[in-house]
Structure formats: structure tokens, C-alpha cells
Amino acid sequence: MPSKRPLVRLRDIVENIESIQDYTRDLDLAGFLKSKITIDAVERCLSRISEAAVKIGPVAEELLPGHDWHGIRGIGNRLRHEYDIITDSANWAIVTRRLPELHDAVTAFLARYPEDQEYF
């Protein structure tokens, strides 16, 4: 069932992307691969982003088209159930290629609403 508070869930996505950006700010791929604690923190934030997208439901595609919401929702399951298949390099690619544009889009969307507003 979609969230009754989609704006809260979108803020959760932004918060977790910003946490990932903080954790990886001074890293390149080699540095990321050497830091188990950073890898674990990034995976946890990716799981939260995924769960927030699941809770938003199909309305995400309507509100913010052009993003791989199916993939965003699915990464949490892959991290939980296929953790032995997903490479840290693949997660780095998500961090550096996908999350910045998602962050910008969600932040711009949220700018239209007061911070304490939970739904439309």
C-alpha cells in the first residue's frame, strides 16, 4: 500500500543520499573498495532509499518520471538476498552516476512544499 506521507518518504531519500555523499566525499573507487565501514554504511543507506521508494509506491513514477524506480525499489532486495552477487564496484557506480541526479530531482520537487508538509 502506498505511503500516506509521500513527501516524508521523499525526504528520507534525500537524507540518505546526502549521508552517502558525506561518507564518500573524499573517496574514489579505490578508496571506497578499501573501506569496509563505508561500504556497509552505503549499503544501509541504499536499503533505506529502496524502502522509501517501495513505500511511495507507483506514484513515484508520476511525480518524478525519468528515474529507474523499479531498480531503486529492487536494490534493497538485491542487497538483502543477493549480497554475494552485487559487487562493491556496482554500488559505487550507483553512488557516483545515479544518486546525484536523483538527489537533484527529488530536492527540486520537494522545494515546492513546506518542510513540515507530509502529503499533497
Here the qualifying pairs (Cβ atoms under 6 Å; residues six or more apart or on different chains; first in region 1-26 and without any contact (Cβ under 8 Å) to a residue 60 or more places away in the chain; second surrounded by 14 or more Cβ atoms within 10 Å (Cβ to Cβ) and not in a helix (DSSP H, G or I)) come out as P2/G57; R9/S3
Return the residues of region 46-67 that are in contact with a Leu (Cβ under 9 Å, 6 or more places away or on another chain) and part of a loop (DSSP other than H, G, I, E, B); say none if nothing qualifies.
L64, H67
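Go through region 54-87 and give me each residue that's among the small types (G, A, S), closer than 22 Å to T24 by Cα and crowded, with 19+ Cβ neighbours inside 10 Å.
Answer for region 54-87, where residues must be among the small types (G, A, S), closer than 22 Å to T24 by Cα and crowded, with 19+ Cβ neighbours inside 10 Å: just G76.
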Residue count, region 44-59 (criterion: more than 10 Å from the chain's Cα centre (by Cα) and in contact (Cβ under 8 Å) with a residue 24 or more places away in the chain):
5
Residues of region 21-45 being among the hydroxyl-bearing types (S, T, Y) and not in a helix (DSSP H, G or I), which ones?
S35
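Values in this text are rule-based calculations from the coordinates and carry no lab data. Note that the structure is a prediction, hence the values are computed from the model and not measured. Cβ sites come from the backbone with ideal geometry, for glycine too, and all protein chains shown count toward neighbours.
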